[in-house]
Amino acid sequence: MKFFYTTILILLTTFFTSCGVGDTPENSLEEIQDALNNRDFDKFSARVDTEKLFAQIYDDATIELAKNCDTFKQKYPKDPYFQHGGDFLKTYNAEHRELHLNFARKSMEAYFANLPEPKEPHDNPYAYVAYEFTKLHLVSTATVENVKINGNSATVTVNVQGDGSLRGIFVGLLTFKLGFEKINGKWTLNKIENIEELTPTFVDKAELIWINL
């Protein structure tokens, strides 16, 4: 699903970029950043519940895409994904859920394994996406705008800004509301809380980035 893959790709860009470090949830972001920069999967998985995060993104995105399917159908009439209505889209995503989630898993594995960049995306799509993580972070900066802590839950609002390069323009300006949970004394990322707000923008970006794949 183009929307899902693009969302994961840009979300990881958030953690590559330079965020200000403050109290506990911000420290979690710094550790995620360090783990990605050093390709340290153990350190990364200690701070990110990827199974829960990817599943939440996929399921919440499916709801939003189905709800707004008619709008996207009119905007992108050549994309067959939106041409059969919201009910069809929900059924399709349910049937292919594990396939799509496995793509996200394998792309993460390709990144941490430091697989070489393929000459063509179809040669190794997992390694291709992994390298896009790296390329996007070089043209992006991130700023922590706000942190709200409520007991063992926290929301960290992060603005991601691309530079004037083609990839930076693709990133643009994005605001993520990242949901953390305190587990065994450590803040763990497990949710994007504003999928509904991000959906239209990410559909547009997905149509741009995947059109030639």
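Key figures
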| read-out | value |
| --- | --- |
| Which listed residue, of N124, N102, N114, is touching a helix residue (DSSP H, G or I) at 6+ places or on another chain (Cβ under 9 Å) and at pLDDT 95 or above | N124 |
| Those residues of segment 132-169 which are surrounded by fewer than 17 Cβ atoms within 10 Å (Cβ to Cβ) and of a type outside the set (S, T, N, Q), in sequence order | K135, L138, E145, K148, I149, G151, D163, G164, L166, G168, I169 |
| Residue in segment 67-89 that is under 17 Å from the mean Cα position of the chain (by Cα), open to solvent by less than 50 Å² (accessible area, probe 1.4 Å) and touching a residue at least 24 places away in the same chain (Cβ under 8 Å) present | no |
| Near pairs, Cβ below 6 angstrom, 6+ apart or cross-chain, from segment 134-150 (on the phi < 0 side of the Ramachandran plot and touching a residue at least 60 places away in the same chain (Cβ under 8 Å)) to any residue that is open to solvent by 40 Å² or more (accessible area, probe 1.4 Å) and part of a helix (DSSP H, G or I) | L136/R167 |
| Total residues in segment 182-192, condition surrounded by 16 or more Cβ atoms within 10 Å (Cβ to Cβ) and of a type in the set (D, E, K, R) | 2 |
| Pair list, Cβ under 8 Å, 6 or more apart: segment 47-61 residue over 15 Å from K177 (Cα atoms) and in contact (Cβ under 8 Å) with a residue 12 or more places away in the chain, other residue surrounded by fewer than 21 Cβ atoms within 10 Å (Cβ to Cβ) and of a type in the set (G, A, S) | R47/A35 |
| Of all residues making up segment 99-113, the number that are closer than 16 Å to L53 by Cβ and open to solvent by 70 Å² or more (accessible area, probe 1.4 Å) | 2 |
| Candidates Q33, Q56, filtered to the one that is at pLDDT below 90, open to solvent by less than 50 Å² (accessible area, probe 1.4 Å) and within 19 Å of T157 (Cα to Cα) | Q33 |
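The values are calculated or read from the model by the stated rules, or taken from the named source; none is laboratory data. Just so it is clear, the model here is predicted, and its values are computed rather than measured. All Cβ positions, even for glycine, are placed from backbone atoms using ideal geometry, and neighbour counts span all protein chains on display. Surface areas here come from the heavy atoms of the whole protein model, side chains and all, with no ligands, DNA or RNA. Shrake-Rupley method; radii C 1.70, N 1.55, O 1.52, S 1.80 Å.
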